[in-house]
Amino acid sequence: MKIFFRVDASLCMGIGHLMRCLTLADALCKRGAQVRFICREHKGHLIDQIRHKAIPVTVLPVPVITDTSGNEDYEAWLGVSQADDAKESIAALNNEKPDWLVVDHYGLDVEWEKKLRPHVKKLMVIDDLANRVHDCDILLDQNYSIEGEERYEGIVTPTCKLLLGPRYALLRPEYKTYRQTLQVRDGQVKRVLVFFGGSDPDNMSGLALQALSNADLKHLQVDIVIGANNQHRDEIERQAEQRLNTRIYDHRPYLADLMAQADIAIGAGGATTWERMCLGLPALVVSIAENQRPATEALVDAGLIYFAGHFSDINQEQLTETIKRFVVCTDKLLEVSLQNKLLVDGLGTSRLVEIMFPSEREKIRLRPASLDDIVLYYNWVNDPEVRKSAINMLPISWETHSYWFTKKLQDANSWMFVLEVDSLPVGQIRFDKEGDVANIDYSLDVIVRGRGWGSRLLAMGVDLMKQIEPITLRADVKNENNTSTSAFLRGGFKEESSSMGGYRSFSRNGY
């Protein structure tokens, strides 16, 4: 499979778009895909980072428009007209017709996409703004929004597959690794991580360091990361020298290790938000660009982050007082940490790879569930389609789920298994023994529905139960759930009379 990326980095637009595309490209390469980047040579382009990974990159000419400092005219960020960029991008394809072209650029829209369509098999857009029309097969927006699919109504085609929300956040695998070994946070603040992105044009890093130099905050240990395109390094270094317990780090491929050690973070909105949330790191956020405001405000309204304000409205005194209030909210910090981890599980990149480059059914495997799967099960059970098929269709609270899941793992008469493909959890099946019968519950993640995997999951589960305890198996299925009905009938189950109105019952011998 051949996959091309059209993405840029610059002093003005930052490096987040490029970094998340590199994360996806790394994962696709591990799956066996051939990837190539197409990037324009803006100031601060970071093309060498792509080459350092031995990924081929075609460099488009230096842009005509080069002075976009402080300008959020996104088309100007492109540096040329969309027509010219499309012409150069088509030439960069070199008569190849890739399986996917991934586009991550605020300066490109349907005008550019229609010109590229004939030259690629499928086109995916990564967007955060929902402010322009697109012509693509998949649109990924990893931002949190209560609007859901309504946000893109009328600006994508009816056939476009929408992948919305932080469950698809493009995080490097290190975040999942550190999440698995992360010590439980206690709400006490001793160590602070400061990072304002790759460019930080208004030096919010320096402002944060000034605020943290206040007498009431000097006891805190501070780790500050200077982005690759940060033009204020000398000033920040001078400030750090005058503050004890302060350490500066250069641009890094990931921040998972520093986030795991920190108790709180101070930083910008944008892609780093999902990294912090994956590790349950409470954050005091400053929006440093207009495009960060909607997602930041949505997270504030949901109680998932603290908001210090927009960069232009903040001074040192205000930020100091805000941090002072922030670091003493122990109970709130604990609650935010938990809710963050429930929202972002670190599997978004793997999910997108599975969608773009589907695995063969023969590769799926079952493994026993463990306590580490508690968040997975929580999100699966609250999937809207799963709730529609449940007896109780109301959402399940975390407290209720946590108690239930822990008890089920300890129950000698309950067997729980997770369906995986290429280490990605994509479904579950459970058998609950009551007398001489075991009741079945199963579900598939939305990304693999429609592949016929439900029947295979059921067959694998039945085979396991034959080895564990070969007793009669049964299931109750809502009348309108034709997919599950077909799966049970294909699996050799017989329909029997049901004592529950609106349901059909199925059973078979387990031997």
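List of remarks:
- Amide hydrogen proximity for Ala265: with H placed 1.01 Å from N in the peptide plane, the residues at 5 or more positions away or on another chain lying under 5 Å are Leu193, Ala283, Leu284.
- Tilt relative to the chain, helix 330-343 - C-alpha long axis, 0 to 90 degrees, to 10: 70
- Kirkwood Rh and Cα Rg combined as Rg over Rh, evaluated for segment 10-91: 0.98
- Debye intensity ratio I(q)/I(0), log10, the chain, q values 0.08, 0.13 Å⁻¹ (C-alpha model): -0.57, -1.27
- Rg/Rh ratio calculated on Cα atoms of segment 338-387 (Kirkwood radius): 1.00
- Relative to the compact-globule estimate of 2.2 N^0.38 Å, the Cα radius of gyration of segment 229-349 comes out at 1.08.
- Segment 422-472 and segment 134-205 have Cα centres separated by 31 Å.
- The chain - percent of accessible surface contributed by carbon and sulfur, probe 1.4 Å: 48
- Spatially proximal aspartates and glutamates relative to Lys363 (Cα-Cα < 17 Å; intrachain offsets below 8 disregarded): Glu354, Glu420, Asp422, Asp445, Asp463
- Relative packing of peptides 179-191, 478-490, 134-146 - highest average C-beta neighbours within 10 Å first: 134-146, 478-490, 179-191
- Per the Cα gyration tensor, segment 1-145 maps to an equivalent ellipsoid with semi-axes of 21, 17, 16 Å, ordered largest to smallest.
- Length gained on full extension, Asn482 to Lys161: 113.3 nm, using 0.36 nm per residue less the C-alpha separation.
- Secondary-structure-derived ellipticity at 222 nm for the chain, considering helices only, amounts to -10500 deg cm²/dmol, per-run term -39500 (n - 2.57) for DSSP H runs with n ≥ 4.
- Rg to Rh, two decimals, where segment 282-363 supplies the alpha carbon set and Rh follows Kirkwood: 1.16
- Each peptide in 158-170, 306-318 receives the mean, over its residues, of other Cβ atoms within 10 Å, and ordering these scores from highest gives 158-170, 306-318.
- Directionally averaged projected area (segment 376-511, Cα convex hull): 8.3 nm².
- A simple spin-label model places pseudo-atoms 7 Å from Cα toward Cβ; at Ser423 and Val184 they are separated by 2.7 nm.
- Angle of helix 453-468 to the longest C-alpha principal axis of the chain, folded into 0 to 90 degrees and rounded to 10: 60°.
- Nearest-20 debye value, the chain charge dipole, Cβ charges on Lys, Arg, Asp, Glu: 1760
- Multiplying the residue separation of Glu88 and Glu495 by 0.36 nm and removing their Cα-Cα distance gives an extension gain of 140.4 nm.
- Each principal axis of the Cα atoms in segment 356-440 has its own extent, and those three values, largest first, are 39, 30, 23 angstrom.
- Solvent-accessible heavy-atom area per residue, rounded to whole Å², over the chain at 1.4 Å: 45
- If you wrap the Cα atoms of segment 144-284 in a convex hull and average its projected area over all directions, you get 10.4 nm².
The values are calculated or read from the model by the stated rules, or taken from the named source; none is laboratory data. Fair warning: this is a prediction, and the values are worked out from it, not measured in the lab. Every residue, glycine as well, gets a Cβ built from its backbone with ideal geometry; the counts of neighbours run over all protein chains shown. These accessible areas exclude ligands, DNA and RNA; they are computed on the full protein's heavy atoms, side chains included. Shrake-Rupley method; radii C 1.70, N 1.55, O 1.52, S 1.80 Å.
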